[in-house]
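The values are calculated or read from the model by the stated rules, or taken from the named source; none is laboratory data. Computed from a prediction, not measured in an experiment: that's the story for all the values here. For neighbour counting, all protein chains shown are included, and Cβ atoms are generated from backbone atoms with ideal geometry for every residue, glycine included.
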Amino acid sequence: MSAGRPRFIPPLDLRPPPGPGEEPVVWFQMPDGLEVGLRPIHPEDREALSEGFRALSDDSRYHRFLTPLPRLTDAQARYLTEIDQINHFAWGIGLRDPGGGLRGIGVARYVRESADAEAAEIAVAITDEHQGRGLGSLLVRALAVVAQTHGITRLTGVVLAENRAMIRIFEKLGGTTRSSGAGLVRADAVLGGQGLCNLGDAACTELVRVADRAAHPSNRHRGPDGA
Ligand SMILES: CC(C)(COP(=O)(O)OP(=O)(O)OC[C@H]1O[C@@H](n2cnc3c(N)ncnc32)[C@H](O)[C@@H]1OP(=O)(O)O)[C@@H](O)C(=O)NCCC(=O)NCCS
């Protein structure tokens with residue numbers, strides 16, 4: 001079990017404080033002290049996402065896409081970044097870049113299922129050097145918070161049966177898994193169940209605010225206090 005939970009860092013506690021007009025990022029301190037920021041993925045992330053994908057190990061790429069995939073095609077990179085932020089939403093997670101902004105170390109997304117509008121399939125990838133530090137768990141919790149605001153009540157996934165970390169993440173959401181053959185398991189978690197948002201009310205409010213701003217650009221003038 002991981003020791004402790006991520007601690008939300010309220011915007012007013014950030015050192016240095018966010019500059020005017022700066023893209024909002026939701027910051028957390030991990031139990032091992034690592035500070036990470038979450039922000040919605042957008043089309044300008046296409047190149048960084050492709051680079052991050054190339055930097056993953058063969059194993060991680062295989063676990064993420066369930067097929068050997070040496071690089072993303074341009075069409076795949078567009079699909080993963082040109083998203084509507086409602087039916088397809090993605091959090092990027094990164095470290096503070098000394099030059100400003102975030103240096104990406106992972107992504108988690110949900111895509112609403114066409115056959116069931118209340119369900120969405122999730123996928124996560126954390127760079128190899130940062131796996132096992134609780135970041136995947138944090139991202140999926142942050143995804144679940146946003147998914148619920150868009151009427152999604154169930155998160156699903158198809159995962160290699162050997163992928164203990166991803167199966168554990170579903171278990172922590174109160175989810176179940178069943179074998180679907182060929183070394184794969186289908187995971188399913190009903191939201192609102194056990195352990196969904198143990199990130200705290202302030203963190204969840206800020207995650208929803210930042211995700212909402214991405215989905216509705218007219219909300220971009222709103223600050224953390226809603227004003
Ligand atoms: C799967 C992945 C997203 C998990 O993210 P992560 O940040 O490494 O995972 P976390 O550190 O949050 O750990 C999640 C849980 O799995 C457990 N875990 C991690 N590795 C494990 C392993 N090899 N065996 C058993 N449990 C493991 C952790 O202890 C934790 O459980 P806990 O909170 O009860 O301690 C990440 O490893 C990854 O990107 N892998 C490659 C791509 C992939 O597999 N994506 C998932 C399919 S879409």
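General observations
This table checks each residue for (1) assigned to a helix (DSSP H, G or I); (2) modelled with pLDDT under 95; (3) under 16 Å from the mean Cα position of the chain (by Cα); (4) not aromatic (Phe, Trp, Tyr).
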{"residue": "PRO16", "(1), (2), (3), (4)": "no, yes, no, yes"}
{"residue": "LEU38", "(1), (2), (3), (4)": "no, no, yes, yes"}
{"residue": "LEU49", "(1), (2), (3), (4)": "yes, no, yes, yes"}
{"residue": "ASP59", "(1), (2), (3), (4)": "yes, no, no, yes"}
{"residue": "LEU72", "(1), (2), (3), (4)": "no, no, no, yes"}
{"residue": "ILE83", "(1), (2), (3), (4)": "no, no, yes, yes"}
{"residue": "GLY94", "(1), (2), (3), (4)": "no, no, yes, yes"}
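- Check on LEU138, touching a residue at least 60 places away in the same chain (Cβ under 8 Å), assigned to a helix (DSSP H, G or I) and crowded, with 18+ Cβ neighbours inside 10 Å: yes
- Within region 85-109, tally of residues that are touching a residue at least 12 places away in the same chain (Cβ under 8 Å) and within 20 Å of THR127 (Cβ to Cβ): 15
- Total residues in region 141-167, condition part of a loop (DSSP other than H, G, I, E, B) and under 13 Å from GLU118 (Cβ atoms): 4
- PRO24, sole failed condition from (1) touching a residue at least 24 places away in the same chain (Cβ under 8 Å); (2) more than 26 Å from ARG164 (Cα to Cα); (3) not in a loop (DSSP other than H, G, I, E, B): (3)
- Search result, residues across region 56-92 that are within 13 Å of the ligand (Cβ to nearest atom) and charged (D, E, K, R): ASP58, ASP59, ARG61, ARG64
- Restricting region 106-149 to residues that are hydroxyl-bearing (Ser, Thr, Tyr) and modelled with pLDDT of 95 or more, the residue that is nearest to the ligand (Cβ to nearest atom): SER137
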